[in-house]
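Report on one structure; see the data block that follows.
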Amino acid sequence: MTQSKWLDAELKYDSGVFNKHQVVITRGQGAVVWDEQGRAYIDCMVGAGVANVGHSHPDVVRAVQEQAAKLMVLAQTLPNDRRAEFLTELVSVLPQGLDRVFLCNSGTEAMEAAKKFAITGTGRQRFVAVKRGFAGRSLGALAFTWEPKYREPFGEAVDNRHVDFITYGNLDELRAAVTDETAAVILEVVQGEGGVRPASLEFVQEARRITKERGALLIIDEIQTGFGRTGKMFGCEHYGVIPDGITLAKAMAGGVPVGAFAMTAAVADRMPAGGHGSTFGGNPLAMAAGVAALRAMKREGMAEQAREKGAYFMEKLRAIGSPKIREVRGLGLMIGVELKEKSAPYITALEHDEGVLTLPATPLVVRFLPPLTISREQIDQVVTSFARVLE
Ligand SMILES: CC(=O)N[C@@H](CCCNCc1c(COP(=O)(O)O)cnc(C)c1O)C(=O)O
């Protein structure tokens with residue numbers, strides 16, 4: 001079969017940073033995507049946790065079509081009906097008190113904003129982050145990203161001397177690291193890139209207690225866990241904790257790029273006017289998609305779907321009983337299967353031989369991030385395929 005002209009062009013002109021798969025995906029609907037030959041794949045990658053509502057959700061598509069014909073471009077200094085609608089919808093689902101939002105266009109931008117608001121919000125400059133944590137690829141967010149491979153190529157440009165890294169779950173290290181110089185503790189309640197690792201209840205609750213006690217902020221990174229993924233609207237709800245700030249992106253607008261840092265008024269009010277900004281943040285097109293996506297999530301009970309289907313999915317994965325599986329773990333439909341060997345060959349076999357897209361999360365883990373709307377029949381197909389490639 002001659003190589004696709006689309007693949008040719010992408011390989012020829014792309015920057016080269018990505019390990020390109022040898023398929024060209026041209027269409028998606030719900031939990032399925034199709035390549036240019038018309039082959040179907042059940043998508044448990046969804047752009048690394050973006051299409052929670054499924055590919056091309058009809059409400060999101062309609063909202064984008066209508067808004068595109070009406071108004072796409074508007075600076076955030078000019079108020080807009082869609083943006084006001086989105087902010088109202090978002091605040092209505094956020095934990096109590098997180099009612100001031102900085103809008104941007106990606107997770108790493110949300111983390112950059114969080115860092116700046118934490119500094120002005122406390123007058124402090126130091127941060128506590130967690131080993132295996134992933135906070136984004138920009139130079140500021142990379143300071144909170146633990147894995148050296150993400151940081152080393154850039155040398156001193158990634159300055160993390162103001163960051164104290166602690167072991168995920170270690171209460172003694174947490175208590176020792178948070179001081180009266182700490183602006184914020186930054187953590188994910190389920191480490192996504194770090195291997196799908198849910199935090200313990202006491203770790204998250206102690207982070208909340210100790211930051212309050214010492215005048216630091218607790219910022220929870222919900223970029224991957226947010227919007228129903230873990231079986232509740234936000235992962236922090238499983239822990240009975242309300243942070244001072246939450247970083248958000250990925251699934252927030254049904255697939256259209258949006259990022260946000262949601263915070264308390266106490267934090268927001270201490271940022272000098274004009275202290276941050278974003279050209280595309282809060283643009284009417286993305287806002288219209290976001291309103292449609294948030295309303296669909298609520299109307300279709302997607303967080304509850306994730307809770308129920310996640311339990312089913314993990315039970316079926318555990319029932320495979322393969323000697324190659326060390327552990328099945330996760331929360332809701334954020335699932336990781338840790339193998340006793342490298343996961344890459346199995347991820348490749350799932351794609352090529354079985355028509356199932358998954359992604360890694362550290363070298364031994366196969367990560368499943370399906371749309372929350374995936375059917376049980378599709379889950380059964382994925383599990384059957386996974387069992388087959390493990391044979
Ligand atoms: C193919 C590709 O570019 N993948 C992305 C996948 C990133 C997935 N995680 C993003 C993320 C980010 C950064 O989010 P963004 O800038 O990629 O939108 C921040 N915090 C958490 C907890 C996150 O999970 C990458 O390798 O940088």
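Details
A quick yes/no check of all residues on (1) without any contact (Cβ under 8 Å) to a residue 60 or more places away in the chain; (2) within 30 Å of Arg82 (Cα to Cα):
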position	(1), (2)
Arg295	no, yes
Pro323	yes, no
Leu331	no, no
Glu338	no, no
Leu350	yes, no
Arg376	no, no
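- Selection from the range 154-192 of residues that are crowded, with 23+ Cβ neighbours inside 10 Å, within 25 Å of Lys250 (Cα to Cα) and more than 14 Å from the ligand (Cβ to nearest atom): Ala184, Val185
- Residue list for the range 126-150, restricted to those being part of a helix (DSSP H, G or I) and either among the hydrophobic types (A, V, I, L, M, F, W, C) or buried (at least 17 other Cβ atoms within 10 Å of the Cβ) (or both): Leu139, Gly140, Ala141, Leu142, Tyr150
- Among the residues of this structure, Ala129 does not count as one that is more than 30 Å from Thr179 (Cα to Cα) and in contact (Cβ under 8 Å) with a residue 24 or more places away in the chain.
- In the range 107-123, the residues that are touching a residue at least 40 places away in the same chain (Cβ under 8 Å) and hydrophobic (A, V, I, L, M, F, W, C) form Cβ pairs under 7 Å with partners that are within 16 Å of the ligand (Cβ to nearest atom) and part of a helix (DSSP H, G or I), at six or more places apart or across chains, as follows: Met111/Ala141.
- Selection status of Glu351, surrounded by fewer than 18 Cβ atoms within 10 Å (Cβ to Cβ) and either touching a Pro at 6+ places or on another chain (Cβ under 6 Å) or not in a strand (DSSP E or B) (or both): no
- Residue among Pro371, Pro345 that alone is modelled with pLDDT of 95 or more and in contact with a helix residue (DSSP H, G or I) (Cβ under 8 Å, 6 or more places away or on another chain): Pro371
The values are calculated or read from the model by the stated rules, or taken from the named source; none is laboratory data. From a predicted model like this one, the values you see are computed outputs, not experimental measurements. Every residue, glycine among them, receives a Cβ derived from its backbone with ideal geometry; neighbour counts consider all protein chains shown.
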